[in-house]
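Asker: Let me give you the structure first, and then I'll get to my questions.
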Amino acid sequence: MKKLILSTAAALAMICGAQTAQAACAEFQVSAAELSVDYDPFDAGVLDRIFTLRVRRLDPSATSVRLLLIDPDPAGGGAKLGPDGPANYEILWNSDTGRRVFAVGAEQPNATNGALVPFGAGPSGDLATETFRLRVPAGQGVGAGNYYQPLEVRYVCYSGDDALDSPDVQAGAQLGVNLNVPERISTFIGSQGIRRGRIDFGALDVTGSGETRGLMVTAQSTIPYEVDVDTDRGGLKRSDGDNYVLPYSMRFSGVPVSDGSRLSCSRTNAPTGRTHPLQVDINPRQAAQAPAGSYSDVITLTFGPRLGLAGGEGCAVAAS
């Protein structure tokens, strides 16, 4: 009998506890498509995306709700999209861009912060909408991938000027930023859009100890990459059918390379990328023995995704 009485009392306590729990007075949702964004670390412009927050009244006595959007797991005290994504992003309220509506840590909605959203009269006024703006600073060095950041909503409902209850929180899948950094490798010589360059030795001083000329190749990548080095002639010739070859040596990013070499490189920093000096060296004494004429060769650099582990920073000759 004692066991039955104790069990009944425990059950009654649980029922009373459930009845006194705070019920949500509103719920919040954003379309997943509106907060699914692409981010290019090499784009000079700030990522700027407008999205609509739908607020549904659940307590008919509520006339308004004050809400504060929260990054619940900040990194180093600041907002960050996922563990390894872009940092220092912000969310602004289009109706009042100077008011703080986005926070990290334990901040609660109060009269000095948050967006105050009114509801209309009757059942037709149960749904309200507000537009906000997601802004992600440009030039952050993040690798290709998806970065998901759930957001919390801390809120308090009012009936007129009186709060209906203490602040509440909504967490879950109804609101979150899904940021995608696409796989990208782009290259140029000198300035954006230039894919061809010329290394011109001019007339050689055959009495000197060495001649070096070069140019700069810039790579911008969100993934590790490989560089294949190929030459048309394997040396300097006056024409494809010429039997005489004037040899030259090459260095790419300070690494000696030759026809058929492959270098493996880590992804580059943003927003500048990585500059690869391509240097060509000719021995003037060998040039002095060459028949007169104009000698040339074509060097082709092919950039592509690197398979396997990313390896260390910078570039190194790939293992064969």
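Asker: Would you check which residues across segment 274-289 are crowded, with 17+ Cβ neighbours inside 10 Å, more than 14 Å from R213 (Cα to Cα) and at pLDDT below 95 and list them?
Answerer: A287
Asker: Scan segment 198-214 residue by residue and report those that are surrounded by 15 or more Cβ atoms within 10 Å (Cβ to Cβ) and either under 39 Å from the mean Cα position of the chain (by Cα) or basic (K, R) (or both).
Answerer: Within segment 198-214, I199, R213, G214 qualify.
Asker: Same structure, new question: If you take the residues in segment 130-185 that are over 23 Å from A87 (Cα atoms), part of a strand (DSSP E or B) and of a type in the set (S, T, Y), which one is farthest from the chain's Cα centre (by Cα)?
Answerer: Top of the filtered list is S159.
Asker: Then there is this: Residue under question is R267, and the condition is that it be out of contact with any Pro (no Cβ under 6 Å at 6 or more places or on another chain), under 29 Å from V181 (Cα atoms) and of a type outside the set (S, T, N, Q); does it hold?
Answerer: Details: out of contact with any Pro (no Cβ under 6 Å at 6 or more places or on another chain): no; under 29 Å from V181 (Cα atoms): yes; of a type outside the set (S, T, N, Q): yes.
Taking the combined requirement at face value, the residue does not satisfy it.
Asker: Further, regarding this structure: Only one of these conditions is not met by G202: (1) more than 26 Å from A144 (Cβ to Cβ); (2) among the small types (G, A, S); (3) part of a strand (DSSP E or B). Which number is it?
Answerer: Against the list (1) more than 26 Å from A144 (Cβ to Cβ); (2) among the small types (G, A, S); (3) part of a strand (DSSP E or B), G202 comes up short only on (3).
Asker: Do you know which of the residues in segment 243-266 that are free of Cβ contacts under 8 Å to residues at least 40 places away in the same chain and in a loop (DSSP other than H, G, I, E, B) is farthest from G293 (Cα to Cα)?
Answerer: So, considering only residues that are free of Cβ contacts under 8 Å to residues at least 40 places away in the same chain and in a loop (DSSP other than H, G, I, E, B), the one farthest from G293 (Cα to Cα) is G254.
Asker: Criterion first (over 21 Å from G139 (Cβ atoms), among the hydrophobic types (A, V, I, L, M, F, W, C) and in contact with a helix residue (DSSP H, G or I) (Cβ under 6 Å, 6 or more places away or on another chain)) does F28 satisfy it? Walk me through how you get there before you give the answer.
Answerer: Numbers: over 21 Å from G139 (Cβ atoms): yes; among the hydrophobic types (A, V, I, L, M, F, W, C): yes; in contact with a helix residue (DSSP H, G or I) (Cβ under 6 Å, 6 or more places away or on another chain): no.
Criteria not met by F28.
Asker: Which one of these does A144 not meet: (1) within 27 Å of V46 (Cα to Cα); (2) assigned by TED's automatic domain parsing to the domain that holds F42; (3) free of Cβ contacts under 8 Å to residues at least 40 places away in the same chain?
Answerer: That leaves (3) as the condition not met.
Asker: Looking at segment 36-87, which of the residues that are within 18 Å of T129 (Cα to Cα) and of a type in the set (G, A, S) is surrounded by the fewest Cβ atoms within 10 Å (Cβ to Cβ)?
Answerer: In the first step, residues of segment 36-87 are kept if they are within 18 Å of T129 (Cα to Cα); the result is 49-60, 62-69.
Next, from what is left, pick out any that are of a type in the set (G, A, S): 62, 64.
Working: A62: 20, S64: 18.
So the residue we want is S64.
Asker: Only one of S191, S253 is in contact with a Cys (Cβ under 7 Å, 6 or more places away or on another chain), of a type in the set (S, T, N, Q) and at pLDDT below 95. Can you tell me which? Write out each step before concluding.
Answerer: On the way: S191 fails: in contact with a Cys (Cβ under 7 Å, 6 or more places away or on another chain).
Within the list S191, S253, the selection yields S253.
Asker: Do we have any residue at all in segment 157-175 that's surrounded by 14 or more Cβ atoms within 10 Å (Cβ to Cβ), at pLDDT 95 or above, of a type in the set (S, T, Y) and over 30 Å from V227 (Cα atoms)?
Answerer: yes
Asker: Continuing with the same structure: For R233, only one of the following conditions fails: (1) assigned to a loop (DSSP other than H, G, I, E, B); (2) free of Cβ contacts under 8 Å to residues at least 60 places away in the same chain. What is its number?
Answerer: Evaluating R233 over (1) assigned to a loop (DSSP other than H, G, I, E, B); (2) free of Cβ contacts under 8 Å to residues at least 60 places away in the same chain leaves (2) as the failure.
The values are calculated or read from the model by the stated rules, or taken from the named source; none is laboratory data. Model, not experiment: these values are computed from the prediction. Note that each Cβ is placed from the backbone with ideal geometry, even for glycine, and that neighbours are counted across all protein chains shown.
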